Amino acid sequence: MSRPTTRSKNKRHRQEDNVDITSEILRKIHTTGEITDDDVNQLYKTWKPVCQGCRVNTKDNPNCFCGLIPPLNGSRKVGLWQKTSDILQALGPDPTKDLRASDTPVGLTNLGATCYANSILQCLHMNKSFRGGIFSLEPDVLRQNPVLDQLARLFAKLHTSRMAFIDSSPFVKTLELDNGVQQDSHEFLTLLLCLLERCLSNSKVSKARTIVQDLFRGRVSHVTTCSQCGKDSEASSNMEDFYELELNVKGLKTLDESLDDYLSVEELHGDNQYFCESCKTRVDATRSIKLRALPDVLNFQLKRCVFLPKTTMKKKITSAFCFPGELDMRQRLSEPSQCELIYDLSAVLIHKGTAVNSGHYVAHIKDEDTGQWWEFDDEQVSNLGRHPFGEGSSSSPSKTVETKPVHPSCSEPRNIVANGNHVNSVEPKSSESSTNNAEIFSSGDAYMLMYNLRQARKDSEKKDKVSGASDTEIEADTVSLHDGVSLPSHLCEEIKNWNASYDDACQKYELNKEGELDRITKRRQEVRSVLSEAPVRSTEEAFFWISAEWLRQWADNINPLVLDNTSIQCLHGKVPLSKVSSMKRLSARAWNILLSKYDGGPTLANNDYCMDCLIDGARTVVCGDSYRDRRTIMKQIANEAIQGTSVDGAYYVSKAWLQQWLKRKILDAPSEGDAGPTEAITCPHEQLRPDQATGAKRVLVPENLWLFLYEDAIAVKPDDLSGCSAFPSDSKQCPQCSDDLSEEAVKEDSLRVVKLKQRQNHEKLATGKSIPLFPDCKYYLVPSSWLSKWKDYINASGRNVSLFGKPETLDSVIDMLKCEKHTQLLERPPELVCKRGTIFQKTDGLTIITENDWKCFCEEWGGTKEKGISAIIEYSCNAGNFMVGNCEELPVCEEHLSSHEEVNTENGTRQPAIRTCPEICEECIGERESCELMQKLNYCNEDIYVFFARDKEAPKSFLEASDTSFEPDRRVSKRSRKTNNGDLINLKVSGSTSIYQLKMMIWESFGVVKENQILRKGARIIDKESATLADMNIFPGDKLWVIDSEIHEHRDIADELSDQKMNVQHTEEGFRGTLLTANISSQVV
């Protein structure tokens, strides 16, 4: 059974086939001079069927309209067919997204780091009594006090805004707060209440004037009792106001434990004894805090920030802390009250994060009217249901622990059961029992707790009704809202206009959105409709040519341009053959629709093909065929010339140029690479360059090939004939260039002889072999750098000769080794090593050479023998004017000696030393080394290497202090590299970098807290954090290693960075410089 053929209706024909067909038709037109309709159909490809399955628009088919628009459910990144959401972005932000949901409180924008203020403001606003007091202020008082005015406006917007969140910047700016600095929410609440208390004192409305004191102020006394006479101190009767109770949480698990700790009795004895006025002596005593009166709103500040003496750092306590939903404080008073003092949990301020001076504040607040809990996270407000931490939440670190009966004693809850992160609460079975049960909540982030007195809420409702008559003159200037809240009339009107403006913006956006979507829909329908009418169904049907590029833009743009066909029009105003791939064949109906709507043109019908362009194209094809045929023949002749088999060579051309010419593809006409066939063999004197010159190799070619190459070169560059100079076979080489080459060759030969002689005179130095040294023999010292340069120069050959220049003359080099002040030696001689009675030198700044080598160098390189630096090797026990090398301690070069050989002790403890003439100038050398050390210490942005030894041991290379030379141009990797026993990383540092900063870099790289880092260079411990790297002699390229002592507990580096940043900004000043700490005179206008 034969295999069925695979259908591929969209398979494209090879372009070579189309080119061959077109060329054949054009050749026929050139021969006959006639153009038939079939020729036109073939040339303009009108015979091709209408394409229906291409993914992209096909250029070689004028009947293809595929790919101009995406599929029905498709889209594009830009233009008409992009997603609707992307199109609507051009209209700007959608204000309707900020629309407040029904019965949902309003959020506040975070201006950078103002979450602490937003949380407190939401707590105050959600307190119905406080909010009512602010709204009851007289307009005159609001106008005179900007703080109260902005707070009233803020509360009014929070209460009646149609937006989901509002901007808090007017109030923040009024307080002159820095919105980029995080502050403590408790401190902000304390200062804000103090400020409001002073500002409200000017009000004549009793409800508003004392609202802060009535709601938040309680009273305590510090009681000191003598253990002998049992009397309290006189100061014990003094009562102090409080607006919150600061409770310890460290080591305590519940609110009851913290209250017990707060009210606990302190024993005063020993050095802390109390002087009793009654006993007239220092006696043992007790001290405690007594709660005298409790406010309607009881705030508990949980002291989660503690100071750790061991690390001298502040730390946040994140342990779980339990607190009840209902709190009975009757037994907590110094004199138990006869009335119930049951408080309901109304708000929980939460601090998220582990750092003390950073993190994020959110508030969980209970709506007094509905009993619903809400999470206020700046702009985001979320419903939590009937629980302060959400119902059934499993991801929050805060949760409901259990439900228990409320006892008047408020003792610690027993058998608390924590179920991971899940809520475990027992709902009351009946309404009667609900008042006797309280849920216990647990949180590791709760920072402030707010409780509302239950009886106070009922009494406040009664007071509002009774006090209504006395405030009638004020209420006359207020407007009551549907929820019973009254706003000052001027604020009510302002908020009304503000909401109306927002509604207008929403309505305007919706109208623009509806209009834009309608326009987009109509445009898309128009494009699909026209493209469905675009194909020409039969060969007899009339059609029009249209620019494919304009059609593509029209189909893709929301706002298309005027119809433009000029890009497919030739100079004769017709349709040329060369534009077939740039145009489409459009039906008369589709053309009329486009022309009538978009105007433009020109109109190019089916019979508007250009006869002149067709004839010119036919002529070009025939000429191109002729050129290709000629060039094919010439390539065969050129191959013979290159191979040397051509016998009728008449002209010279560059051999390298001709080889490249043969590699080029045969085209219809000459290209730019065909220029300059003799440019490489033409000398500056416009004559034939000698064949020995670099790049001047040439080859003889026949005359017909030369004429062909010359014609092509002239056609490509008619104005530049410099590369087309004709050199017949009998042309003479340029005599001047030949003489120059001869002189250069003589010089090279002479130089080779000179170099050879020097290699023979200094055989060991030229080959790099070490010279054995002997005592009491005279030697000379030369710079090692000069000797290396000399060795490269005399050993260079071939192409490398030009890479190595001549070394300097010896006299100038030797003069640089002597100081101007004392005319003594500025460099120390090389160190010596001794083996079996033979002494060798260690290569250093200077090299020892023999007296014979010095004499030859003086003759060869312009030196004066008497100026040389002579050296004699002697055995001596004193350093004196000698440079001593210890034969026992100094290493022996492996180049000469085996590591298994032993040191010769023939000379006992004597050491080989070098005595130089002139002597070493210790004074000048010391000054220079000091300057070099200072420059070395003043480095900037260089690399050092730090190895983290996980197994407490460093590699041998790190145990030795880094003495490697500094290589500024050496490239190093910036990534941490794993090794078998630790990690290695390079750090960019400067000489002024402190050890503290270096330890912070190591902390960031390896995660080892700076207190646990034991940092070493070699065996030396580096522990002075205030010192700089230069102070500790740490240089570029040094290798340090560090281990983790694991003494201190791990913490996040963000804590250290935050504390460091806050210390730089003097955060202990808190709100200093803001209106919260200014005088009252600055707050009233």
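The values are calculated or read from the model by the stated rules, or taken from the named source; none is laboratory data. None of the values given here were measured: they were computed from a predicted structure. Note that each Cβ is placed from the backbone with ideal geometry, even for glycine, and that neighbours are counted across all protein chains shown. For accessibility, only protein heavy atoms count, side chains too; no ligands or nucleic acids. Shrake-Rupley method; radii C 1.70, N 1.55, O 1.52, S 1.80 Å.
Be a star and scan segment 598-627 for residues whose amide nitrogen sits under 19 Å from the point 7 Å along the Cα-to-Cβ vector of Ala715.
Residues 616-627 qualify, since their backbone N sits under 19 Å from the label point.
Which percent of the accessible heavy-atom area of segment 112-208 goes to carbon and sulfur, probe 1.4 angstrom? Don't skip to the end; give the middle numbers.
Numbers: 1450 of 2950 Å².
Carbon and sulfur: 49 percent of the exposed surface of segment 112-208.
Which number gives the lysine pairs in segment 235-392 that have C-alpha atoms under 15 Å apart and are eight or more places apart or on different chains?
The number of close lysine pairs in segment 235-392 is 11.
Quick one: how many Å² of Ser501 are accessible to a 1.4 Å probe, rounded to 10?
Number for this one is 70 Å².
Take the alpha carbon atoms of segment 155-181, find their center, do the same for segment 521-553, and report the distance between the two centers in whole angstrom.
57 Å
What is the Cα centroid distance between segment 1001-1038 and segment 266-343, reported in whole angstrom?
The distance from the Cα centre of segment 1001-1038 to that of segment 266-343 comes to 45 Å.
Exactly which trypsin sites (Lys or Arg not before Pro) in segment 738-795 are in a DSSP loop and have at most 12 other Cβ atoms within 10 Å? Write down the numbers at each step before the final one.
Working: sites: Lys747, Arg752, Lys755, Lys757, Arg759, Lys764, Lys769, Lys778, Lys789, Lys791; in loops: Lys769.
Hits after loop and neighbour filter: Lys769.
Which cross-chain or sequence-distant (5 or more) residues have an amide H under 5 Å from the amide H of Tyr609, H modelled 1.01 Å from N in plane?
So Tyr609 has HN proximity to Val575.
In whole percent, what relative contact order does segment 629-770 give with Cα contacts below 8 Å and a gap of six or more residues? Write out the running numbers ahead of the final one.
Numbers: 162 pairs, mean separation 40.3, N = 142.
This gives 28 percent for segment 629-770.
Between Asn704 and Gln659, take the C-beta separation as r, use R0 = 22 Å, and let me know the FRET efficiency to the nearest 0.05. Before the final figure, lay out each step's value.
Working: r = 19 Å, r/R0 = 0.88.
Working from the Cβ atoms, E equals 0.70.
Taking the Cβ-Cβ separation of Asp37 and Lys513 as r and a Förster radius of 51 Å, what is the calculated FRET efficiency to the nearest 0.05?
Between Asp37 and Lys513 the formula returns 0.40.
Please arrange Arg27, Arg619 by accessible surface area, largest first, computed with a 1.4 Å probe and ligands excluded.
Details: Arg27 85, Arg619 110 Å².
So the residues, ranked largest to smallest area, are Arg619, Arg27.
Using 0.36 nm per residue, how much length does the chain from Asp648 to Cys940 gain when fully extended, once their Cα-Cα distance is taken away? If you can, show how the numbers build up before the last one.
Working: separation 292, 0.36 × 292 = 105.12 nm, distance 7.19 nm.
Difference between extended and current length: 97.9 nm.
Starting from the 7 Å offset along Cα-to-Cβ, what nm value, one decimal, do you get for the label separation of Arg836 and Arg950?
The two pseudo-label positions are separated by 4.9 nm.
If R₀ is 45 angstrom, what is the calculated FRET efficiency for the pair Val78 and Ser169, using the beta carbon separation as r and rounding to 0.05? Don't skip to the answer; put the middle values down first.
Values: r = 36 Å, r/R0 = 0.80.
The pair Val78/Ser169 has a calculated efficiency of 0.80.
How much area per residue is accessible in segment 761-812 when the probe is 1.4 Å and only protein heavy atoms are counted (Å²)? Working shown, then result.
Working: 2830 Å² over 52 residues.
About 54 Å² of surface per residue is accessible.
Residue by residue, what Karplus-based ³J(HN,Hα) values in Hz, rounded to whole numbers, does segment 163-175 have, using 6.51, -1.76 and 1.60 with θ = phi - 60° and x for Gly and Pro?
Whole-Hz 3J(HN,Hα) from phi for segment 163-175: 8, 6, 8, 10, 8, 9, 4, x, 5, 5, 5, 4, 7.
In sequence order, what are the phi-derived ³J(HN,Hα) couplings for segment 836-843 according to the Karplus relation 6.51 cos²θ - 1.76 cosθ + 1.60 with θ = phi - 60°, rounded to whole Hz, with x for glycine and proline?
6, x, 9, 9, 10, 9, 8, 4
Take every Cα-Cα pair in segment 539-587 and report what % of them are more than 19 Å apart. Write down the numbers at each step before the final one.
On the way: 345 of 1176 pairs.
Counting every Cα pair in segment 539-587, those more than 19 Å apart make up 29 percent.
Which value, in Å², gives the accessible area per residue of segment 110-191 when a 1.4 Å probe is used on the protein heavy atoms?
Numbers: 2390 Å² over 82 residues.
Averaged over the residues of segment 110-191, the accessible area is 29 Å².
If the limit is 18 Å between Cα atoms, which of Lys59/Lys584; Lys697/Lys717; Lys769/Lys865; Lys764/Lys789; Lys635/Lys655 go over it?
On the way: Lys59/Lys584 9 Å; Lys697/Lys717 24 Å; Lys769/Lys865 24 Å; Lys764/Lys789 15 Å; Lys635/Lys655 14 Å.
Listed pairs above 18 Å: Lys697/Lys717; Lys769/Lys865.
So how far apart, in nm, are the two label points at Asn852 and Ala293 if each is 7 Å from Cα heading toward Cβ?
Between Asn852 and Ala293, the label points sit 11.6 nm apart.
When the accessible area of segment 690-792 is computed with all protein chains present and a 1.4 Å probe, what percentage of it is carbon and sulfur?
On the way: 3080 of 5900 Å².
Answer for segment 690-792: carbon and sulfur cover 52 percent of the accessible area.
Calculate the spin-label point distance for Ser278 paired with Thr620, positioning each point 7 Å from the Cα along the beta-carbon direction, and give it in nanometres.
Output for this residue pair reads 12.3 nm.
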